[in-house]
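Read through the structure below, which is laid out as structure tokens, and then see the notes.
The values are calculated or read from the model by the stated rules, or taken from the named source; none is laboratory data. Quantities reported herein were computed from a predicted structural model and do not represent experimental measurements. Heads up, the Cβs are rebuilt from the backbone with ideal geometry, glycines too, and the neighbour counts pull from every protein chain shown. These area figures cover heavy atoms from the full protein model, side chains too; ligands, DNA and RNA do not enter into them. Shrake-Rupley method; radii C 1.70, N 1.55, O 1.52, S 1.80 Å.
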Amino acid sequence: MDKDRIIHLLVNEETDSLFQKADDVRRKHCGDEIHLRGIIEYSNHCRCLCAYCGLFADNHDLPRYRMNQEQILETALKAFNQGVRTIVLQGGEDTHFNADLLCEIIQDVKSIGDVAVTLSSGEFPRDDYQKMRDAGADRYLLKIETTNPEIYKRLHPGLSQENRIRCLHDLKELGFQTGSGALIGLPGQTIEDIADDILFCANLNLDMVTFSPFIPHPGTPLAKESGGDWLFSHKVLAVSRLAMPDAHIPCSTALASITPDDYKTSLKSGANVVMADLTPPEFVEYYDIYPGKAPTGDKKERDAVQRLKNIIAELGRPLAVNRGDSLIQ
Ligand code: 5AD
């Protein structure tokens, strides 16, 4: 798919017809099974200064936490016992969780049984990724966030887009099932930029891809900006399915934080994966990437895995019982 076609689909294609096409492609290439991944947000410490993210290092109002190894293992074990076969370990770029510690945690989780481990821990040197792979990590998520070099530079002080791309190439070469994606609706971002983001992911032949709306966080420099548009974000998801027929595409949690019914909309317009937040209730509200992400009050205590199983059952689609490894050729 070329850039003009992507832009045409985003701008001119009628929504219902676009969603239907994406659903058909998803069925043909991925089948009807929905994969349920469990995510453990093990630390909200972060050295980065990403201008959109509530965890950015200069947010001094945010209480910071780190889960210990026992807590991480216990959380993963509970999810495994509920049938979850992919554990995603996600954290801010926290120097405490260096490659050696992450390797121990990977080994802990892998010792549970036949479970895939996905890391989402940010940028590391290639040697560190190699250690993590050797320790048994199966997959890695690292969003490019935006391919537009100026926007990237403006929103990520101290980071380099070149290094991020280097990370993605290293991860692929080291045999990680690799995921990336971008934010939609960043200040200054155009439809052309989004088309470039989709093409970037398609050209990397990614195993997993996520596009999600930017949601302004009041404690960040982008507090007063408007966020990504709901319908447009759904359309980007659908177009990304058409551009990457056999990639695993999750329902974006950011979209579902606007209305929970978005899970169903996404699963009927290209997505084939859902992510349950396993982070224990005592920490979950502090993983405050964007407003509305974390459950509060008694919702916090509710079982995220069960909630998503119910949504899948209501849709009448089968829940995958395997690890849901990469489908790409
Ligand atoms: N809105 C939506 N997504 C965000 N992320 C960070 N901040 C925001 C925000 N304000 C996403 C980034 C990052 C992932 C962990 O969370 O894409 O990769």
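A few comments on the model shown:
- Of the helices (runs of 4 or more DSSP H) lying entirely inside the range 1-107, those containing at least 1 residues that are buried (at least 21 other Cβ atoms within 10 Å of the Cβ) and either touching a strand residue (DSSP E or B) at 6+ places or on another chain (Cβ under 8 Å) or on the phi > 0 side of the Ramachandran plot (or both) are 15-30, 69-81.
- Restricting attention to the range 224-236, the residues that are surrounded by fewer than 23 Cβ atoms within 10 Å (Cβ to Cβ) and away from the ligand (no atom under 15 Å from the Cβ) total 1.
- Options ALA247, ALA254, ALA271, ALA294: the member that is farther than 26 Å from ILE198 by Cβ and among the hydrophobic types (A, V, I, L, M, F, W, C): ALA294
- Selection within the range 191-223: residues that are open to solvent by 60 Å² or more (accessible area, probe 1.4 Å) and either within 13 Å of the ligand (Cβ to nearest atom) or in contact with a helix residue (DSSP H, G or I) (Cβ under 9 Å, 6 or more places away or on another chain) (or both). The member of this set that is nearest to ASP325 (Cα to Cα) is ASN205.
- Meets criteria (under 26 Å from LYS21 (Cα atoms) and either of a type in the set (S, T, N, Q) or touching a helix residue (DSSP H, G or I) at 6+ places or on another chain (Cβ under 9 Å) (or both)) for ILE151: no
- Residue in the range 168-186 that is closer than 14 Å to ALA202 by Cα and among the basic types (Lys, Arg) present: yes
- Qualifying residue in the range 151-161 (condition: crowded, with 20+ Cβ neighbours inside 10 Å and away from the ligand (no atom under 14 Å from the Cβ)): no
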